[in-house]
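Taking it in order: structure first as structure tokens, then the write-up.
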């Protein structure tokens with residue numbers, strides 16, 4: 001696991017969204033070099049992966065609560 005992925009996972013869902021929004025704004029600014037765009041794109045993909053994992057965890061927690069309530 002990369003250090004960046006660990007950092008993304010330690011952030012809250014909202015912090016990851018904010019970070020992703022910052023990257024999107026930067027990429028839309030037309031002021032980045034190709035290398036910077038590529039780096040930001042890769043970082044954005046890592047954030048998206050972390051967000052998916054956080055959503056999956058929340059979904060599992062909700063399903064567990066619903067299952068307990070239905071018993």
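A few points about this structure:
- Length added when fully stretched, residue 11-residue 61, from 0.36 nm per residue minus Cα-Cα: 16.2 nm
- Sum of -39500 (n - 2.57) over DSSP H runs of 4+, divided by residues of the chain (222 nm, nearest 500): -29500 deg cm²/dmol
- Taken along its three principal axes, the alpha carbon spread of the chain comes to 57, 24, 14 Å, from the longest extent down to the shortest.
We did not get these values from a lab; they are worked out from the coordinates using the rules stated. For clarity, every value in this text was computed on a predicted model and none was experimentally measured.
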